[in-house]
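Here the structure is laid out as C-alpha cells; the discussion comes afterwards.
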Amino acid sequence: MKAFRLDELEAERAANDGAYLQFLRERNMSVGLYALDAGEHDPQKPHRQDEVYFVVSGRASLTVGTETTQVARGSVVYVPAGESHRFHHISEDLRVLVVFSPPES
C-alpha cells in the first residue's frame, strides 16, 4: 500500500517551486497534484494520456475542447487524450488531483 496526505504533498510541491508534483507512478497510471493560484494562467497543452481531474479545493472554469464547466471542491472531470483543455477564471486558489492513464511520460 502507498498512502499520502494532501497537506504533505502540497508542502512538497511548494518547496519544489512547481505547479505540478507527480507523487505516484505505476505501470498503468500516474497521479499528481496540480496547483494554480487565483488569477494565474494555466499553461497546459494537450496530453497523450487520458486524464481525470478531482478538484480538492478552489474555484475556476475548465474548458475541454469547446465545452466549458465551472469546477469547485468535489468536481470530477474526464479529459480524453489529445483534447485541448485549460483552467481559467481561477477565482480561488485551485488544487487538483490529476490521474493519467497510461502514466504521464
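The values are calculated or read from the model by the stated rules, or taken from the named source; none is laboratory data. From a predicted model like this one, the values you see are computed outputs, not experimental measurements. A quick note on method: Cβ atoms are made from the backbone with ideal geometry, for glycine too, and the neighbour counts reach across all protein chains shown. Protein only, heavy atoms only, side chains kept; ligands, DNA and RNA dropped before computing areas. Shrake-Rupley method; radii C 1.70, N 1.55, O 1.52, S 1.80 Å.
Details
- Considering (1) more than 11 Å from the chain's Cα centre (by Cα); (2) among the hydrophobic types (A, V, I, L, M, F, W, C); (3) open to solvent by 80 Å² or more (accessible area, probe 1.4 Å), the lone condition that V64 does not fulfil carries the number (3).
- One residue stands out among those in the range 82-105 that are within 19 Å of S30 (Cβ to Cβ), assigned to a loop (DSSP other than H, G, I, E, B) and of a type in the set (G, A, S): the one that is least open to solvent (accessible area, probe 1.4 Å), which is G82.
- Restricting the range 67-81 to residues that are within 24 Å of E10 (Cα to Cα) and polar (S, T, N, Q) leaves a set whose member that is surrounded by the most Cβ atoms within 10 Å (Cβ to Cβ) is S75.
- Candidate set: the range 18-42, residues that are more than 13 Å from the chain's Cα centre (by Cα) and of a type in the set (D, E); chosen: the one farthest from S57 (Cα to Cα): E26
- Applying the condition of being loosely packed, with under 12 Cβ neighbours inside 10 Å and of a type in the set (D, E, K, R) to the range 1-36 and asking which residue is nearest to H89 (Cα to Cα) yields D17.
- In the set (1) open to solvent by 50 Å² or more (accessible area, probe 1.4 Å); (2) closer than 19 Å to L9 by Cβ, R59 fails one condition alone, (2).
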